[in-house]
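Below is one structure, written out as structure tokens, with a few remarks after it.
Any read-out appearing in this document is the output of simple, stated calculations on the displayed coordinates, not a laboratory observation. Predicted, not measured: the structure shown is a model, and the values here were computed from it. Cβ placement follows ideal geometry from the backbone for every residue including glycine, while neighbour counts extend to all protein chains displayed.
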Ligand SMILES: [Zn+2]
């Protein structure tokens with residue numbers, strides 16, 4: 001993939017190796033993604049470096065990542081701030097990624113059961129000592145510096161929670 | 001419900017890239033051969049169901065429409081099914097419902113995959129990421145491979161399963177592929193060779209990983225009256241179970257005993273409908289979704305082929321080998337045979353048909369009368385489909 005040139009402007013070629021005619025092509029679409037009713041989560045992440053969740057007024061379940069309704073109660077949920085601490089469920093090392101974190105490989109990634117949350121959340125782990133990455137390890141959310149934050153979930157990561 | 005049988009099946013050979021054939025041509029070759037086996041002309045087919053996984057691979061949003069027309073089936077119904085790696089199983093289920101319910105007597109099911117026009121592996125992985133939750137996983141660097149790493153890590157922690165245990169799955173499946181002329185990766189390997197292949201995502205190395213393949217598979221389904229008229233060896237679809245789970249991989253971590261709950265639920269549905277109480281003795285041969293070596297070990301347990309924590313031991317003992325008590329993935333599975341995503345679930349069914357009709361050549365499981373196929377997709381088996389087939 002050389003530069004930003006549109007492959008469709010390049011000529012097709014006969015491939016001696018494969019014995020077929022090859023047409024360079026590309027699908028490239030840009031989006032302006034509306035975060036809808038979840039917008040406060042992304043705004044707080046980018047502008048304030050805070051992690052928000054949503055709480056069901058009926059059963060009390062807290063969802064982070066936020067859900068605007070509880071899928072058990074079918075009730076609309078309310079915004080709450082997450083403490084940002086939690087426990088590690090499982091983790092792995094990613095050697096090959098294709099998204100926001102492509103420049104970070106290899107990186108560690110794990111499930112973190114945030115305190116008070118119903119389900120774990122997934123995130124990048126910034127922990128050097130592999131022997132400390134055991135299920136149940138205490139972790140704390142951390143944020144990129146404000147000038148680097150883009151309002152995407154790659155803005156936060158998890159570190160060992162040394163205090164608790 | 002009416003009994004439904006597979007009366008014809010066929011697949012192309014599987015390889016990394018069929019540069020010399022278009023997408024439609026691959027589908028055509030499988031369809032042509034499946035119809036030929038059943039001695040049915042395409043004019044007699046009443047409807048076709050297409051399992052086509054991914055628009056970004058296919059470079060088309062309505063691929064089934066274009067194939068259907070080129071197969072000479074225009075003005076008959078065409079249905080497309082897409083359910084990640086479970087696409088083939090769910091496509092079969094869709095066609096089975098049409099015939100079992102009495103709406104049609106003769107329905108074609110087609111799975112076709114041509115992913116390798118994508119310009120390299122990175123482009124393919126990029127395309128697969130779009131199956132994840134838009135805000136919270138696509139943008140978090142979550143890879144499809146990662147979703148299958150954590151169950152293996154849980155299994156290691158709970159039961160002491162080792163990377164060498166997992167490597168044994170790769171050794172077995174690549175060796176089985178040596179007996180399958182349609183397979184992509186026949187290989188004689190040792191555990192050490194698997195262990196020495198490059199790390200992809202802990203605990204998996206390159207040789208623990210499923211293949212990426214192009215190819216197609218087609219099956220022809222018929223109701224009982226039509227089936228017995230067409231063939232002396234109908235393979236009956238005894239039961240299909242289908243289930244789903246959270247599409248977000250993190251939201252299942254550490255929940256309950258089951259590492260793949262949708263697999264358990266889909267197997268339970270199929271076993272109840274088929275009257276299976278003890279899968280290890282009631283099933284003679286199985287094709288399961290070995291996306292990664294460690295996942296096959298977990299599947300032995302989730303499908304009830306052995307108890308929880310016993311998978312690695314039973315594998316080492318040879319229970320799942322060709323010639324063992326319950327041979328698993330005689331075709332070579334996704335690791336040694338093929339993983340043409342859209343076609344995989346149907347190719348598993350084709351392999352079970354071969355086994356039950358005694359047409360599996362060098363990898364024939366002697367006396368096989370009942371077989372199981374299981375496929376799954378989405379993050380860590382968020383879709384799972386289990387099919388039980390048998391011969392009279
Ligand atoms: Zn609730």
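Details
- Legend: ranking of residues B:64, B:390 from fewest to most surrounding C-beta atoms inside 10 Å; resulting order B:390, B:64.
- Value of [θ]222 nm, deg cm²/dmol, for chain B, DSSP H segments ≥ 4, -39500 (n - 2.57) each, nearest 500: -11000 deg cm²/dmol
- The Cα atoms of the range A:36-160 cover 41, 32, 23 Å along the three principal axes, with the biggest extent listed first.
- Diffusion coefficient, µm² s⁻¹, Stokes-Einstein with Kirkwood Rh over alpha-carbon pairs of the range B:299-392 at 4 °C and 1.567 mPa s: 92 µm²/s
- Relative contact order, percent, the range B:1-83 [alpha-carbon distance under 8 Å, six or more residues apart]: 31 percent
- Sorted peptide list for A:117-124, A:44-51, criterion being average Cβ within 10 angstrom, highest first: A:117-124, A:44-51
- Computed from label points 7 Å out along Cα-Cβ, the spacing between residue B:134 and residue B:62 is 2.3 nm.
- Estimated from the Cβ-Cβ distance and a Förster radius of 30 angstrom, the FRET efficiency linking residue A:68 and residue A:47 is about 0.90.
- Ordering A:41, B:292, B:36 by the number of other Cβ atoms within 10 Å of each residue's own Cβ, fewest first, gives B:36, A:41, B:292.
- With a Förster radius of 35 Å applied to the C-beta separation of residue B:157 and residue A:28, the computed FRET efficiency comes to 0.25.
- If R0 is 30 Å, the Cβ-Cβ spacing of residue A:130 and residue B:193 corresponds to a FRET efficiency of close to 0.70.
- Most tightly packed first, judged by the mean number of other beta-carbon atoms within 10 Å of their residues, the peptides A:21-28, A:7-14, A:130-137, B:270-277 read B:270-277, A:130-137, A:21-28, A:7-14.
- Simple spin-label estimate for residue B:164 and residue A:13 gives 4.8 nm between the two label positions (7 Å along the Cα-to-Cβ direction from each Cα).
- Taking Cα atoms only, the orientation of helix B:144-159 departs from the longest principal axis of chain B by about 50 degrees.
- Nitroxide proxy distance, nm - points 7 Å out along Cα→Cβ at residue B:41 and residue A:148: 6.9 nm
- Relative contact order (%) - chain A, alpha-carbon pairs under 8 angstrom, separation at least six: 17 percent
- Burial ordering of A:108, A:150, fewest other beta-carbon atoms within 10 Å first: A:150, A:108
- Helix B:261-274 and the longest principal axis of the C-alpha atoms of chain B enclose an angle of approximately 50°.
- Calculated P(r) of the protein assembly as shown - Cα pairs past 45 Å, %: 16 percent
- Computed from the alpha carbon atoms alone, the convex hull of the range B:1-156 holds 162 Å³ per residue.
- When the convex hull of its Cα atoms is viewed from all sides, the range B:1-93 shows a mean projected area of 6.8 nm².
- Seen from every direction in turn and averaged, the convex hull around the alpha carbons of chain B projects onto 17.2 nm².
- The mean number of Cβ atoms from other chains found within 10 Å of a Cβ in peptide B:198-211 is 2, as a whole number.
- From the alpha carbon centroid of the range A:48-122 to that of the range B:158-210 is 34 Å.
- With the cut-off at under 20 Å, measuring from each backbone N in the range B:229-247 to a point 7 Å along the Cα-to-Cβ line of residue B:103 picks out B:237-243.
- Per residue of peptide B:131-140, the mean number of Cβ atoms on other chains within 10 Å of the residue Cβ is 6.
- Relative contact order computed over chain B (Cα-Cα under 8 Å; 6+ residues apart), in percent: 26 percent
- In degrees, nearest ten, helix B:163-177 long axis to first principal axis of chain B (Cα): 30 degrees
- For residues of A:85-95, the mean tally of beta carbons on other chains within 10 Å: 6
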